[in-house]
Amino acid sequence: MAVIARKVVIQNVQDASGVAKLIDDGVFAADQVIAVIGKTEGNGGVNDFTRILSDQAFRSVLMDCGSRSLGEVEQIPMVWSGGCDGVITPHATVFARNDEAGPDDRARLAVGIAMSDTILPEDIGRPTMVSKVADGVRKAMEIAGISDPAEVHYVQTKTPLLTMESIRDAKSRGKTVFSDDIHQSMDMSNGTTGLGIAVGLGEIEMPDAAAIGSDLELYSSVASCSSGVELDRAQIVLVGNAPGAGGDLRIGHAVMTDALDFDGIYDAIRSAGLDLPDRPHPTDLGDRLVNVFLKCEADPDAELRGRRQIMLDDSDVHWHRHSKGAVGGVTAAAVGDPAVFVSVSAQHQGPPGGGPVAAIVRVD
């Protein structure tokens, strides 16, 4: 079945009018929505409740406009990345399926959705979590109808992080956690998940425990991992291209080698199927770009193209916000649209100081 993907702007923290209008206009039915990936305007931290508010708003529309039960709607993966620092506009990309199929000689956008086994607090930052995520990725790939890992271009996940409550739970059962630092657990949950995606797709072998969070040369080039307090398993949305999938969309990917790498963004768009000149301009994209999805981080060497960087030394503003705002501005300038999905904390997701880029485009 063909996949439809549309981007809608979020006008306030509880707004889902964009998806409601798409349903009213007949672009897709509420019961055809299979996933949502969005940016909300909170602080992007552990206590960013704008993610929950957007989640509630979008699920409410699907309940009101469709025939699925509450339990069915609650199972729809909605990955919310908090923090619209700089020029990033709050928005969501909505994925839906219709009944159309396509010819087997054309590979078009395909989506596979899966949930991992429960990730316990003592699993975070450890090989057990890598294995659980890898198994979930393989399941999502099978559901998407993709047999070749090279045709997987974007894997968006949402995983649990540590809270004081979950740390107490682990200790009450005689278990240990990798750290009592709640904010650090966000980076480690993302990084461990990135390694799980890399293992599931055969990008790397299963890493040793000591490599998790330390050997940054181990990474996935298609992973985009977020974490929060909303769930206790890895929620996996795997996006690639499959023959016969139908529709007019394709996805491609590349990596940004650093925070200023415009070419990484354009290479992802080319990988998806658009021809671009050697030095592209946003006007070259027309209306064919659905959205771009990026991960970013502060360079661990605190340098950018030989110039000193201070974001890791800033005690007032966390480097998460510096990096997200900067790369959001670069991306918005590259594509001519501030409604871009830029998520921070890219440990084991792309090269150190850079990150993966995925692009969905219309090709027909």
Could you compute the net charge surrounding Thr40? Neighbours are other residues with a C-beta less than 15 Å from the C-beta of Thr40; K and R count +1, D and E count -1.
+1
When averaged across all projection directions, what area in nm² does the alpha-carbon convex hull of segment 76-228 cover?
11.1
What is the local net charge at Ser220, summed over the other residues whose Cβ is closer than 11 Å to its Cβ (Lys, Arg +1; Asp, Glu -1)?
0
Reachable lysines, given that their alpha-carbon falls under 21 Å from the alpha-carbon of Lys175 and they are not under 8 places away in the same chain
Lys132
At 7 Å along Cα-to-Cβ for each site, give me the label-to-label distance between His281 and Leu304 in nm.
2.5
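Normalising by the residue count of segment 283-364, find the relative contact order in percent from Cα pairs under 8 Å and 6+ residues apart.
Working: 118 pairs, mean separation 40.4, N = 82.
After rounding, I find 49 percent.
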Read phi for every residue in segment 210-216 and hand back ³J(HN,Hα) as whole Hz from Karplus 6.51 cos²θ - 1.76 cosθ + 1.60, θ = phi - 60°, with x for Gly and Pro.
5, 7, 5, x, 10, 8, 7
Have a look at segment 214-364 and give its Rg and Dmax from the Cα atoms, expressed in angstrom.
15.9, 52
Can you give the local net charge around Ala332? Use residues other than it whose beta-carbon is closer than 14 angstrom to its beta-carbon, Lys and Arg +1, Asp and Glu -1.
+1
With equal scatterers on the alpha carbons only and no solvent term, can you work out the Debye log10 of I(q)/I(0) for the chain at 0.10, 0.11, 0.13 1/Å?
-0.56, -0.69, -0.99
Per the Debye formula with a single identical scatterer at each Cα and no solvent contribution, what log10 I(q)/I(0) holds for segment 212-266 at q = 0.19, 0.23, 0.27, 0.30 Å⁻¹?
-1.02, -1.12, -1.15, -1.21
Carbon and sulfur atoms: what percent of the 1.4 Å accessible area of the chain do they account for?
48
Between segment 1-59 and segment 288-350, what is the separation of their alpha carbon centroids in Å?
23
Going by amide H atoms built from the backbone, whose H comes under 5 Å of the H on Ser227, apart from near neighbours?
Thr159
Subtracting the Cα-Cα distance from 0.36 nm times the residue separation, let me have the gained length for Asp24 to His183 in nm, one decimal.
53.2 nm
What is the chain's relative contact order, in percent, from Cα pairs under 8 angstrom and six or more apart in sequence?
22
Given a 1.4 angstrom probe, what's the average accessible area per residue across the chain, in square angstrom?
40
Report, largest value first, the span of the C-alpha coordinates of segment 316-364 along each principal axis, in whole Å.
46, 23, 12
For the chain, give the magnitude of the charge dipole about the Cα centre (Cβ charges: +1 Lys/Arg, -1 Asp/Glu; no others), in debye to the nearest 20.
400
What share of the DSSP beta bridges in the chain is antiparallel, in percent to the nearest 5?
75
Mean-square fluctuation check for the chain, GNM, Cα pairs under 10 Å: which of Pro243, Pro121, Pro338 is largest?
Pro243
Could you tell me the accessible area of Arg108 in Å² (1.4 Å probe, neighbours in place), rounded to the nearest ten?
20
Tell me what the chain gives for mean residue ellipticity at 222 nm when only DSSP H runs of n ≥ 4 count, each as -39,500 (n - 2.57), the sum divided by the residue total, rounded to 500 deg cm²/dmol.
-9000 deg cm²/dmol
Run the simple label-point estimate for Asp104 and Asp31 please: 7 Å along Cα→C-beta, distance reported in nm.
3.0
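Quote the FRET efficiency, to the nearest 0.05, computed for Asn47 versus Gln14 with a Förster distance R0 of 25 Å and r equal to the Cβ-Cβ distance.
Efficiency for this residue pair is about 0.90.
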Say we join alpha carbon atoms closer than 10 Å with springs in a Gaussian network model of the chain; which of Ser315, Ser81, Ser131 then has the biggest fluctuation?
Ser315
Would you mind telling me which residue in His281, His253, His153 has the biggest mean-square fluctuation in a Gaussian network model of the chain, where springs connect alpha carbons within a distance under 10 angstrom?
His281
Where Glu165, Glu151 fall by accessible area, highest first, once all protein chains stay in place (1.4 Å)
Glu165, Glu151
Whenever you get a sec, line up Leu260, Leu70 from highest to lowest accessible area (probe 1.4 Å, protein heavy atoms).
Leu70, Leu260
Rank these residues by their accessible area, most exposed first, probe 1.4 Å: Lys139, Lys158, Lys7.
Lys139, Lys7, Lys158
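Explain nothing, just the number: dipole magnitude of segment 137-294 about its Cα centre with +1 on each Lys and Arg Cβ and -1 on each Asp and Glu Cβ, in debye rounded to the nearest 20.
I would put it at about 660 debye.
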For Leu260 and Ser214, what is the calculated FRET efficiency with R₀ set at 25 Å and r taken between the beta-carbons, to the nearest 0.05?
0.45
Expected-Rg normalisation [2.2 N^0.38 Å, Cα atoms] applied to segment 1-160
1.10
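The values are calculated or read from the model by the stated rules, or taken from the named source; none is laboratory data. Values in this document were obtained by computation on a predicted structure and should not be read as measured data. Every residue, glycine as well, gets a Cβ built from its backbone with ideal geometry; the counts of neighbours run over all protein chains shown. Note: areas computed on protein heavy atoms with side chains; ligands, DNA, RNA excluded. Shrake-Rupley method; radii C 1.70, N 1.55, O 1.52, S 1.80 Å.
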